[in-house]
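A.B. asks: One structure follows; several queries about it will come next.
The values are calculated or read from the model by the stated rules, or taken from the named source; none is laboratory data. Small disclaimer: the values here were computed from a predicted structure and weren't measured. Counting neighbours? That spans all protein chains shown, and the Cβs are built from the backbone with ideal geometry, glycine included.
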Amino acid sequence: MAAAVCGASNGRSTGPELGDCPEPAAKRPKAEGNAQAANSQNKVVVVLGAQWGDEGKGKVVDLLAMDADIVCRCQGGNNAGHTVVVDSVEYDFHLLPSGVINKNATSFIGNGVVIHLPGLFEEAEKNLKKGKGLEDWESRTVISDRAHIVFDFHQAADGIQEQQRQEQAGKNLGTTKKGIGPVYSSKASRTGLRICDLLADFDEFSKKFKVLAEQYKSMYSALHIDAERELERLKGYAERIRPLVKDGVYFMNKALTGPPQNILVEGANASLLDIDFGTYPYVTSSNCTVGGVCTGLGIPPRNIGEVYGVVKAYTTRVGVGAFPTEQKNETGDLLQSRGHEFGVTTGRPRRCGWLDLVLVKYAHMINGFTALAVTKLDILDLFDEIRIGIRYKIDGKPIPYLPGL
């Protein structure tokens, strides 16, 4: 995979020049102490997808993680898929930050992440069998106590919802069926359960779990839940993760205000899959844009440093939804086969098309990228002509914005 990095013009500044503003009649004294304290704090480097995912974020994170002290996940769950190759061994990550390969770094799973505990340990065990990259991973992993738990019935409900959409509307959303939508729904409706609930009074946790399970059974008649069996499994997982769990806010605050450290944030999914700014409703259920870093880790905006947007040299998308530059022809087939465009999480073939700069510009408006990392340029070597989408039109008239596709 080829990767190139280029700077984004004007950095993060999009407003009027300060020289155009009138001089205030009276100046407030500068809070020099506070300003110096803020400037002396560590900042996080953020890596985000600028398209519909699968841009090669894992490759970029892997390069940056070599020098990182802490590598963080701030949102999403095991619906994400990042591939990292180390010493000719290919590792697949879904919940764990791909920076866990760096044995000198701490991997942090923030409060914005939703965790399917069986999936977490299965992922670790699967990668342990591939090579030595994940040896002793638990000793260098920290999990926020406020992260919400994905239960088996969340995943089952996800599948039922997709089936219902297909039957009722003739099409589904194309979810990964990992329970991501249902668990974020539980979180928003304030019925979800967190890691801290699991590690507290287990009897109280069991009561809340059974209430939530009954709610789901009442919503989906086809849903079967073996509550006692799942609780027994969860009790075992509770003891395995207990040494890994910390108060995430204090953990991150200590990292930001302590000695100089390199802190890297690995965004999952991508900007055009963001629940607010993506091509709704064909999106994920979390904020994949830069705002999700603050809410998903519990850090102030002033601690956001560099924001790298990862852009594939062509565009791909998994599942249904708008795709203006899609190529349903030999070009698309060649991009798919040469680029090995199949999902890490689901194995589904990715739809392929030309690079869409309208989408990339839109993602930059939201995230304020300080640089772009362009991946898979080598895949285009075979083409005599390369096309790029530069503007959209409605009824033949150019539009200066991305419509709610």
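A.B. asks: Looking at H340 and the list (1) in contact with a helix residue (DSSP H, G or I) (Cβ under 7 Å, 6 or more places away or on another chain); (2) free of Cβ contacts under 8 Å to residues at least 40 places away in the same chain, which single condition is not satisfied?
C.D. replies: Of everything listed in (1) in contact with a helix residue (DSSP H, G or I) (Cβ under 7 Å, 6 or more places away or on another chain); (2) free of Cβ contacts under 8 Å to residues at least 40 places away in the same chain, H340 misses just condition (1).
Residue-wise test of (1) on the phi > 0 side of the Ramachandran plot; (2) not in a strand (DSSP E or B).
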{"residue": "S337", "(1), (2)": "no, yes"}
{"residue": "H340", "(1), (2)": "yes, yes"}
{"residue": "G347", "(1), (2)": "yes, yes"}
{"residue": "V360", "(1), (2)": "no, yes"}
{"residue": "M365", "(1), (2)": "no, yes"}
{"residue": "A373", "(1), (2)": "no, no"}
{"residue": "D378", "(1), (2)": "no, yes"}
{"residue": "I386", "(1), (2)": "no, yes"}
{"residue": "P398", "(1), (2)": "no, no"}
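A.B. asks: For the condition of a type in the set (V, I, T) and in contact with a Pro (Cβ under 9 Å, 6 or more places away or on another chain), what is the one hit in I101, I109? Walk me through how you get there before you give the answer.
C.D. replies: Numbers: I101 fails: in contact with a Pro (Cβ under 9 Å, 6 or more places away or on another chain).
Going through I101, I109 in turn, the sole match is I109.
A.B. asks: Consider region 232-248. How many of its residues are crowded, with 16+ Cβ neighbours inside 10 Å and without any contact (Cβ under 8 Å) to a residue 60 or more places away in the chain?
C.D. replies: So the answer is 1.
A.B. asks: Here is a further query. Scan region 349-371 and tell me whether some residue there is surrounded by fewer than 17 Cβ atoms within 10 Å (Cβ to Cβ), under 20 Å from V47 (Cα atoms), assigned by TED's automatic domain parsing to the domain that holds G278 and among the basic types (K, R).
C.D. replies: Within region 349-371 (the criterion being surrounded by fewer than 17 Cβ atoms within 10 Å (Cβ to Cβ), under 20 Å from V47 (Cα atoms), assigned by TED's automatic domain parsing to the domain that holds G278 and among the basic types (K, R)), the answer is yes, since at least one residue qualifies.
A.B. asks: Find the residue count for region 209-262, including only residues that are under 30 Å from Q163 (Cα atoms) and in a helix (DSSP H, G or I). Walk me through it before giving the result.
C.D. replies: Within region 209-262, the subset under 30 Å from Q163 (Cα atoms) is 209-234.
Next, only the ones that are in a helix (DSSP H, G or I) stay: 209-219, 227-234.
The total comes to 19.
A.B. asks: Got a number for residues in region 263-282 being surrounded by 16 or more Cβ atoms within 10 Å (Cβ to Cβ) and either part of a helix (DSSP H, G or I) or of a type outside the set (A, V, I, L, M, F, W, C) (or both)?
C.D. replies: So the count comes out to 10.
A.B. asks: Still on this model: Among the listed residues D203, D197, identify the single one that is part of a helix (DSSP H, G or I) and closer than 18 Å to N111 by Cβ. Outline the logic, then answer.
C.D. replies: On the way: D203 fails: closer than 18 Å to N111 by Cβ.
Step by step, each of D203, D197 is checked, and only D197 is part of a helix (DSSP H, G or I) and closer than 18 Å to N111 by Cβ.
A.B. asks: Also, quick follow-up: Within region 83-110, count every residue that is surrounded by 22 or more Cβ atoms within 10 Å (Cβ to Cβ) and assigned to a strand (DSSP E or B).
C.D. replies: Residues flagged as surrounded by 22 or more Cβ atoms within 10 Å (Cβ to Cβ) and assigned to a strand (DSSP E or B) within region 83-110 amount to 5.
A.B. asks: Another question, if that's okay. Any residue in region 111-133 that is among the small types (G, A, S), within 23 Å of R194 (Cβ to Cβ), in the same structural domain as G296 (by TED's automatic domain parsing) and not in a loop (DSSP other than H, G, I, E, B)? Let's see the steps before the verdict.
C.D. replies: Let us first name the residues in region 111-133 that are among the small types (G, A, S), namely 112, 119, 124, 131, 133.
From what is left, the residues that are within 23 Å of R194 (Cβ to Cβ) are 112, 119, 124.
Applying the additional criterion that residues be in the same structural domain as G296 (by TED's automatic domain parsing) yields 112, 119, 124.
If we keep only those that are not in a loop (DSSP other than H, G, I, E, B) as well, we get 119, 124.
Yes, because at least one residue in region 111-133 is among the small types (G, A, S), within 23 Å of R194 (Cβ to Cβ), in the same structural domain as G296 (by TED's automatic domain parsing) and not in a loop (DSSP other than H, G, I, E, B).
A.B. asks: Within region 302-331, restricting attention to residues that are assigned to a strand (DSSP E or B) and hydrophobic (A, V, I, L, M, F, W, C), which residue is surrounded by the fewest Cβ atoms within 10 Å (Cβ to Cβ)?
C.D. replies: Ranking the qualifying residues of region 302-331, first place goes to I304.
A.B. asks: For region 283-301, which residues satisfy the criterion of being over 12 Å from G76 (Cα atoms) and not in a helix (DSSP H, G or I)?
C.D. replies: V290, G298, I299, P300
A.B. asks: Further, regarding this structure: Among the residues of region 163-188, what is the count of those that are of a type in the set (S, T, N, Q) and modelled with pLDDT of 90 or more? Steps first, please.
C.D. replies: Taking region 163-188 first, the residues of a type in the set (S, T, N, Q) are 163-164, 166, 168, 172, 175-176, 185-186.
If we keep only those that are modelled with pLDDT of 90 or more too, we end up with 185-186.
Residues in region 163-188 being of a type in the set (S, T, N, Q) and modelled with pLDDT of 90 or more: 2 in total.
A.B. asks: Filter region 53-82 for residues that are in a strand (DSSP E or B), under 23 Å from G179 (Cα atoms) and at pLDDT 90 or above and give the result. Outline the logic, then answer.
C.D. replies: Step one: of region 53-82, the residues in a strand (DSSP E or B) are 70-73, 76, 82.
Checking the rest, the ones that are also under 23 Å from G179 (Cα atoms) come to 72-73, 76, 82.
Passing the criteria: C72, R73, G76.
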